[in-house]
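Inspection log for the structure reproduced underneath, given as structure tokens.
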2 protein chains.
Amino acid sequence: MSHERRILLAHGNGGRFMRELIDQVFARHLANPLLDTRTDAVTLALPEPEIVFTTDGFTVQPLEFPGGDIGSLAVHGTVNDLAVAGATPLYLALNAFIEEGFEIERLDRIVASLARAAQQAGVRVVAGDTKVVPRGEGGGIYFATTGVGRRTRPLQLGIDRIMPGDRILVSGPIGDHGIAVLLARGDFGLSGDVRSDAASVLPLAQALLALPGLRFMRDPTRGGLATVAHEIAQSTGLDAWLDQASIPVRDAIRAACEMLGYDPLYLASEGRVVAVIAPEDADAALAAWRALPGGTEAALIGEVVAGTARGVLRTELRGERMVNALDNVPLPRMC
Amino acid sequence: MSHERRILLAHGNGGRFMRELIDQVFARHLANPLLDTRTDAVTLALPEPEIVFTTDGFTVQPLEFPGGDIGSLAVHGTVNDLAVAGATPLYLALNAFIEEGFEIERLDRIVASLARAAQQAGVRVVAGDTKVVPRGEGGGIYFATTGVGRRTRPLQLGIDRIMPGDRILVSGPIGDHGIAVLLARGDFGLSGDVRSDAASVLPLAQALLALPGLRFMRDPTRGGLATVAHEIAQSTGLDAWLDQASIPVRDAIRAACEMLGYDPLYLASEGRVVAVIAPEDADAALAAWRALPGGTEAALIGEVVAGTARGVLRTELRGERMVNALDNVPLPRMC
């Protein structure tokens, strides 16, 4: 591969070039005892009964942005889906769709970042597949990751466990990821030092698992906090109230949203948790989060009440605004 | 969604359009008790210890071809990787990358086909994610599927178990899938009634599991039979001999290969198994396969012998030809 610094269609043909690509980029960064890139299926060491399974696709543009890249995001996205389900992430499968002509040096950097994120989250990439698509297709690179995790004890977490009176918490400021990606795209002639919040939320999720009043957790990625509130309302038939003044949003994010016409409630975060919890455990949850590096700005932001399946925002001017699902709004690709 | 017959970027934004797409296309076809499209991670019912995990990506063009489509292929490819690992496929995760402007009717047809293939293979799609990419990217649709299977008894199958004297078998004619896809593309002004062999190989794989001499199975997909022989040689340090006269290739496939300049040894099959088995069990394996609908044309095609890590083809004229890995040959996308 030394003379070929760009992806060729031949890197996808199942032959020598593909083998070299896998050995020299993927296997080199992702090496672990279970990963055997010459086998199609791997046996997992999973002694316990509650096995949790999730998958996510990643198409973010640009592929690299302040605070992360599509590689680290592909780990964090799936690790976080397992974490908010109360599971400890163990294994990942990785699919890469790479565009012909993609710079191998850049691929190497992105896979290295992916490997670092996996190591930090304590998860091992044990299965993978690579496809190469013709130049002009594929947006550079897409990833899909599928995660397997384990619950060490049976856990009753779910949107259907939410009850009137439950509190809504968020582990930190929202929208950093969305704005970091938008600004990195450079379309707006704006710049700033906004960094994505993309990170593993595993410590944040685990910090709440012992609280008996914990009902539900979700990471507010695509569609943002508004979409989580809307889903809570739709699924429970209750009203989900958010208190705008309490929702942490950094000044830089607020300013960028005002200039660009975005609502921070709909912007993706990739390192935050929204939790719904019984009122008697809300303070303990906030305290647990605030004791963690990723949760110092955690806040109580709302409440679930008897109602008619509405998401409602109580504005800073004490007005009320419906929180709906996104409609035909082609938000840029943030995840 | 009734007024929108094409995929919009908004179908990927996490909001109402995406929810409708998931409900009306994916959930409708894939409904099963474990699939909850409103949760990010699902708990698997997996009591037994040996859990097997695999993943594969699918970018075939054209998306529909005689004998299958990218939907059924996305099931068969991953089911077959589990089957040849000696596992019973149980669960699939599905990732879809859909291009803006894709016809929803066509998506519906493809997802219905995927659902049918999953049902026939006894596997349930329990997790999924959908991303929409801008028009011009994405080749219509890509899928990635990740499979979880279970071995009911511990099994020692692996390329490293192959020994000198072992026989190489194939469950049926090779190359049908590759040629069916090539002809369906219409680039060559050729047509014919060649159908893809794409199918679940689970019955074929399971038919051999009780044979103590079974060493290794592989489905000869991307890179074809030649690539399997090459990998056996490279991994074991032995020579893998293939006997050209014994390798089943349909006349139509042979003719198309001659006209198009392809070698059937390198063409993908998507419903065949290559097995390596101790000589004393080879006859029993052939008999077991030939008793199955998918194995009537099974054949003994070669042998592994002490050597120097070479794949060798004994030609019909009693010559010898090295069987190498594909080099810089951009074979069209067949899987």
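Things worth noting here:
- Inter-chain neighbour count for A:76-85: the average number of beta-carbon atoms from partner chains within 10 Å of each residue's beta-carbon is 2.
- Between the amide H of residue A:101 and those of A:7, A:8, distances stay under 5 Å, these residues lying 5 or more places away or on another chain, with hydrogens modeled in the peptide plane.
- With contacts taken as Cα pairs under 8 Å and at least 6 residues apart, segment A:159-322 reaches a relative contact order of 43 percent.
- Taking every residue in B:144-153 and counting other chain Cβ atoms within 10 Å of its Cβ, the average works out to 5.
- Separation between Cα centres of segment A:97-166 and segment B:228-246, rounded to whole Å: 35
- Tensor-based shape of segment A:197-301 (alpha-carbon gyration tensor, a/c under 1.5 rounded, otherwise prolate or oblate): oblate
- Counted charge near residue A:278, where neighbours are those whose Cβ lies closer than 12 Å (Asp, Glu -1; Lys, Arg +1): -2
- Placing dummy labels 7 Å off each Cα toward the beta-carbon, the span from residue A:318 to residue B:195 is 7.3 nm.
- When +1 charges are put on Lys and Arg Cβ atoms and -1 charges on Asp and Glu Cβ atoms, the dipole computed for segment B:120-252 relative to its Cα centre reaches about 600 debye.
- GNM on chain A, alpha-carbon springs under 10 angstrom: the most fluctuating residue among A:273, A:79, A:126 is A:126.
- Think of segment A:252-320 as having a plus end and a minus end, set by charges on the Cβ of Lys, Arg, Asp and Glu; of A:305, A:277, A:255, A:255 sits farthest toward the positive end of this dipole.
- Label point 7 Å beyond Cα along the C-beta direction, distances from residue B:322 to other copies (nm, shortest first): 7.1
- Portion, in percent, of the accessible area of segment B:159-322 that falls on carbon or sulfur, probe 1.4 Å: 50
- Summary for residue B:189: label point 7 Å along Cα→Cβ; distances to the equivalent points in the other copies, ascending, 5.4 nm.
- Stretching the chain fully between residue A:155 and residue A:280 yields a gain of 43.1 nm (0.36 nm per residue, less the alpha carbon separation).
- Nitroxide proxy distance, nm - points 7 Å out along Cα→Cβ at residue B:119 and residue B:263: 4.3
- Using a 1.4 Å probe over protein heavy atoms, the accessible area lost on pairing B with A, summed over both chains, comes to approximately 5500 Å².
- Å² of accessible area per residue within segment A:258-335, as computed with a 1.4 Å probe and no ligands counted: 47
- For residue A:165, residues with placed amide H under 5 Å, excluding near neighbours: A:304, A:305, A:306
- Segment B:9-151 - percent of accessible surface contributed by carbon and sulfur, probe 1.4 Å: 47
- For segment A:9-151: relative contact order, % (alpha-carbon pairs under 8 angstrom, 6 or more apart): 39
- Estimated distance in nm for a label pair at residue B:306 and residue A:163, the labels positioned 7 Å out from Cα along Cα-to-Cβ: 7.5
- Contact order relative to length of chain B, as percent, for alpha carbon pairs under 8 angstrom and 6 or more apart: 22
- Legend: mean number of C-beta atoms from other chains within 10 angstrom of residue C-beta atoms, peptide B:91-99, equals 5.
- Here the Karplus relation 6.51 cos²θ - 1.76 cosθ + 1.60, evaluated at θ = phi - 60°, turns the backbone of segment B:294-305 into coupling constants of x, x, 4, 9, 4, 8, 7, 10, x, 8, 9, 9 Hz, with x for every Gly and Pro.
The values are calculated or read from the model by the stated rules, or taken from the named source; none is laboratory data. These numbers come from a predicted model, not from an experiment. Note that we place each Cβ from the backbone using ideal geometry, even for glycine, and neighbour counts take in every protein chain shown. Please note that ligands, DNA and RNA were not included when accessible areas were found on the heavy atoms of the full protein model with its side chains. Shrake-Rupley method; radii C 1.70, N 1.55, O 1.52, S 1.80 Å.
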